[in-house]
1. Looking at residue 366, is it under 41 Å from the mean Cα position of the chain (by Cα), of a type outside the set (A, V, I, L, M) and more than 16 Å from the ligand (Cβ to nearest atom)?
2. Return yes when residue 390 is farther than 27 Å from residue 367 by Cβ and either buried (at least 16 other Cβ atoms within 10 Å of the Cβ) or touching a Gly at 6+ places or on another chain (Cβ under 6 Å) (or both) and no when it is not.
3. Any chance region 109-126 includes a residue that's under 26 Å from residue 63 (Cα atoms) and in contact with a Cys (Cβ under 9 Å, 6 or more places away or on another chain)?
4. Do we find a residue being of a type in the set (S, T, N, Q), in contact (Cβ under 8 Å) with a residue 24 or more places away in the chain and more than 30 Å from residue 365 (Cβ to Cβ) anywhere in region 277-300?
5. So which residues in region 337-359 are in contact with a strand residue (DSSP E or B) (Cβ under 7 Å, 6 or more places away or on another chain) and surrounded by 13 or more Cβ atoms within 10 Å (Cβ to Cβ), if there are any at all?
6. All but one of (1) aliphatic (A, V, I, L, M); (2) loosely packed, with under 15 Cβ neighbours inside 10 Å; (3) in a strand (DSSP E or B); (4) within 20 Å of the chain's Cα centre (by Cα) hold for residue 112; which doesn't?
7. Any idea how many residues of region 432-478 are within 28 Å of the chain's Cα centre (by Cα), within 11 Å of the ligand (Cβ to nearest atom), touching a residue at least 60 places away in the same chain (Cβ under 8 Å) and under 20 Å from residue 313 (Cα atoms)?
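The values are calculated or read from the model by the stated rules, or taken from the named source; none is laboratory data. For clarity, every value in this text was computed on a predicted model and none was experimentally measured. Every residue, glycine among them, receives a Cβ derived from its backbone with ideal geometry; neighbour counts consider all protein chains shown.
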Amino acid sequence: MKSVIQEEDYKAKYIQSEDRFRTIFSLTSAATKIIDENLVIIEVNDALTDLLGYTRAEICGKKIMDFACKQHIASWENLQHEMWFRGKPFFKLEACLKTKSGGIVWVHVTTIVFRDGDKRFAYTVLDDYTFMKSYQESEKRLNMSLQYSRMAVFELNLESGEVIHSEGLNEIIGLKASAVKLDVNLLIARFIEEDATEIENLLNSIPVDGSIDFVGRVKIAPNVLKWVHLQGRMEPGENTAHKLLGTVQDVSKEKKADQYKDDFISIASHELRTPITILSGTLQLLERNKPKGDPKLSGLIDQANKGLKKVTTLIEDLLNASKMNEGQLHLNKKPFNIVDAVNECCAHINREGVYKIIIEGDLFADIIGDSDRIQQVIINFINNAIKYAPDEKIIRVKALDLGDAIKISVIDSGPGIEYEKAAHLFDRYYRVDAKGSQYSGLGLGLYISAEIIKKHDGKIGVTSDYGEGSEFWFILPK
Ligand code: ADP
């Protein structure tokens, strides 16, 4: 009697545990299947049917290899063999499966063999990591494209100084890939002394919503320097430390190409200067001895003079730019009146009568500086106003006494400049519409102007409402 009760008890417990197993099996969110010794799928849960997009009936009776991507079948079968015939209790692998809709899912497979009575079965969990895989792949692609563009991305925590970065940053700044953990001090210390001071100052003074754009030299071996471009934008964190997110790029090749270009421009413009001077002298002689009563010849001489004036301006710009680049701008500073300077350099424009220059504001302001160079800046601003806003015949020059400095502005009502482009206007060779420009120019005038003002310890800039005109200004200390 006792043994019958025990037998019933055992059966009930078995059914109970079997039921529990089935409940867990069907409810678990991990895709799961049970196969028999012939590798035939005899049971699947909802998670697996959801994963593959097939119904239970379409999966049961088949083998998992029927759904596996070709490249994984051989190694998967090998592992099955080891488990079923060589006594290995389980195996694991990573593989991809084809879904009913033609897609692919990546799974971590774990298969465990178990015995039920005298039969063996295997229980498999297929853990879907497709999202992780695509994330890893896009990270790999990003790292590869960064590597090809000699670039790395970074995140700098401005409070702790910690730097998190993509692969390749250490190499760009001349450290071994496996070097000690990078922090802001080590990053700064990679730059040569004068550049290190500059970037340190920039980082210390960066506003919470500001950005940084810095090009400097890092020493990668004795007498070997590399040019590095660091750009970043502040990412203010709520209740967390402010972070600077950005890129670091090796721009040595670009710098070298720039150097070749500069050398060529410097030599070419020097060589052109002499024949142009001779040509100019010859044209002046011709001008003076123009035969009267020959309007055709007269017109040709005028045309030649205009062309020559353009060429001379271009060559002067090139020569000036090379000079600035080589740090050879020498100033001859004296006190002078800014309004007199404007009148002196631009009176001819008023005389010609097409455009009218109106000078307004604090007209008695005197400054100390190189009046020829400052005139060069004003002429450049005015010529640009005429060139880029030709329909507006009035150009305003405004002087504003700021107490210890003077602000001079040239204001036009032309097309104005888009905000994003305004930041680059003072870069060398920068032109807003470089390709399709209807106006001739080299993009050097504002660069030269900026260098002149910088040498005077002043500031230069532009304020523009796109479509409403521009105000080009500089501020000089008195
Ligand atoms: P360039 O006139 O030779 O192109 P600049 O350095 O003087 O070189 O000017 C750089 C660019 O700035 C110009 O190509 C033009 O696109 C833009 N720019 C300069 N002045 C003005 C202005 N007053 N209005 C609109 N755009 C201007």
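1. It is false that residue 366 is under 41 Å from the mean Cα position of the chain (by Cα), of a type outside the set (A, V, I, L, M) and more than 16 Å from the ligand (Cβ to nearest atom).
2. Taking the combined requirement at face value, the residue does not satisfy it.
3. As a first pass, look at region 109-126 and keep what is under 26 Å from residue 63 (Cα atoms): 109-126.
When the remaining residues are screened for being in contact with a Cys (Cβ under 9 Å, 6 or more places away or on another chain), the result is none.
Checking region 109-126: not a single residue is under 26 Å from residue 63 (Cα atoms) and in contact with a Cys (Cβ under 9 Å, 6 or more places away or on another chain).
4. yes
5. 337, 338, 339, 342, 346, 349, 350, 355, 357, 359
6. Failing condition for residue 112: (4).
7. 7
Yes or no, residue by residue, for (1) exposed (fewer than 11 other Cβ atoms within 10 Å of the Cβ); (2) under 30 Å from residue 158 (Cα atoms); (3) of a type in the set (Val, Ile, Thr):
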site: 252; (1), (2), (3): no, yes, no
site: 262; (1), (2), (3): no, no, no
site: 265; (1), (2), (3): no, no, yes
site: 272; (1), (2), (3): no, no, no
site: 275; (1), (2), (3): yes, no, no
site: 285; (1), (2), (3): yes, no, no
site: 289; (1), (2), (3): yes, no, no
site: 296; (1), (2), (3): yes, no, no
site: 302; (1), (2), (3): no, no, no
